[in-house]
Amino acid sequence: MLDRQTDRQTDRQTDRQTDRQTGIPIGNLTSQIFANIYLNEFDRFVRHHLKPQAYLRYGDDFVIFFPTLRRAQYARTLSINFLRNSLGLTINPKNDVAVASQSGLKFLGHAIFKDFVVVDKHTTKNVLNKVDWHNVASYRALPLVKAAKNSMDWILLEKYVDIW
């Protein structure tokens with residue numbers, strides 16, 4: 001009985017690992033280093049061939065900015081072909097979007113607009129739940145909305161000061 005259960009568990013683990021054969025696994029420090037090494041050629045392609053207004057990449061997530069939607073769509077096609085043909089990678093269709101800058105863009109827990117960047121609501125809520133004296137300096141550096149930065153002080157007071 002134990003052998004069958006172990007075999008089934010091994011089969012499920014193998015299935016899960018097989019399901020994750022696409023994309024670059026990001027999680028620990030070595031994975032991030034490998035992503036940077038592997039995607040270096042894509043970085044060079046973007047900078048030297050596409051020549052965008054701006055390019056941001058963190059691990060395997062990236063955003064490329066162009067002055068027009070037409071240029072963005074053309075660059076999108078070239079990027080998809082380069083990633084597939086040169087690196088054997090595909091873009092997740094769920095994250096493959098082209099938007100006008102005035103619409104704003106959600107990227108890695110931030111809402112990016114033409115004139116400003118702010119941490120999105122979900123990430124702000126997580127920050128306020130996790131803030132303590134050890135990490136408050138890091139969290140204060142985030143572009144949080146003013147109300148959230150003010151809340152941070154009150155949260156710290158509640159956690160660490162005996163008011164009664």
For region 89-164, alpha-carbon Rg over 2.2 N^0.38 Å: 1.42
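Run the accessible area of region 57-164 with a 1.4 Å probe and give the carbon-and-sulfur part as a rounded percent.
Result for region 57-164: 57 percent of the exposed heavy-atom area is carbon or sulfur.
Kindly sort Ile112, Ile37 by accessible area of their heavy atoms, largest first, with the probe set to 1.4 Å.
I get Ile37, Ile112, largest accessible area first.
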Accessible surface, region 59-149, averaged per residue in Å² (probe 1.4 Å): 70 Å²
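The values are calculated or read from the model by the stated rules, or taken from the named source; none is laboratory data. Nothing here was measured: the structure is a model prediction, and the numbers come from that model. When the accessible area is computed, the model is the full protein with side chains, heavy atoms only, and any ligands, DNA or RNA have been set aside. Shrake-Rupley method; radii C 1.70, N 1.55, O 1.52, S 1.80 Å.
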